[in-house]
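The values are calculated or read from the model by the stated rules, or taken from the named source; none is laboratory data. Source: prediction; values computed, not measured. Ideal geometry is used to build each Cβ from the backbone, glycine not excepted, and the neighbour counts take in all protein chains shown. Each accessible area value is taken on the protein alone, full model and side chains, heavy atoms only, with ligands, DNA and RNA left out. Shrake-Rupley method; radii C 1.70, N 1.55, O 1.52, S 1.80 Å.
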Amino acid sequence: MTPAPQPPDWKDLPARDRLLQTAHALFYRDGIRATGIDRVIAESGVTKVTFYRHFPSKNDLVCAYLEYRHTHWIAWFAAALSRHGGASNEPCQRLAALTATLAEWLGRDDYRGCAFINSVGELGDTVPEVVEIARRHKRDVTDLLATLLPPTPERQQDAQALTLVVDGAIVRMQMGDSLEDVLSSVSRLLGGMAAFKSA
């Protein structure tokens, strides 16, 4: 396996940050179960003593990885929605921002699905903290998607439906569907939602 890609200033980071960024790259790309602690230690360039000082167990590292991923991904998602028109006065344009944002993410060369869906799929309920972090992540995604919708009594329910659309797109891409087919289906669903809401 190739080493995890690291940013140019990686060697200047504190040991905990190097461990976290290395784990993030490896866990997301190769999977949590397939990535041993010894590999994270070796690729981050720290000692075992240093590792265990910061992360007493692999589960602690997994939770820290998911928290790190959550913070950075949610910030990116919010910025991408805004950049693609999520704050527009036009309801159709706000929903179209979701399709454009998904195109940006799902089309990346390093796309490996949703880190939170993947983690729960790998670990199930063996690490309850992972399930709770994943649920919180999805709640925050839903709250962001709600900002694309008009302030109606059904807004939160509609946002939950949008979250299901996003999760479906994620899984279909992982199953090998083409980006074009996935985005076409997303656009069709969003168009139907917009038409229903305006009727």
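Summary table
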quantity: Residue within the stretch 34-43 that is part of a loop (DSSP other than H, G, I, E, B), under 30 Å from residue 125 (Cβ atoms) and open to solvent by less than 20 Å² (accessible area, probe 1.4 Å) present; calculated: yes
quantity: Which numbered condition residue 51 fails, given (1) surrounded by fewer than 18 Cβ atoms within 10 Å (Cβ to Cβ); (2) over 30 Å from residue 155 (Cβ atoms); calculated: (1)
quantity: Single residue of the stretch 75-114 satisfying the filter (under 17 Å from the mean Cα position of the chain (by Cα) and acidic (Asp, Glu)) that is most open to solvent (accessible area, probe 1.4 Å); calculated: 109
quantity: Test: residue 60 is farther than 22 Å from residue 144 by Cβ, modelled with pLDDT under 95 and open to solvent by 60 Å² or more (accessible area, probe 1.4 Å); calculated: no
quantity: Test for residue 131: is it surrounded by 13 or more Cβ atoms within 10 Å (Cβ to Cβ), farther than 22 Å from residue 89 by Cα and in contact with a Leu (Cβ under 7 Å, 6 or more places away or on another chain); calculated: no
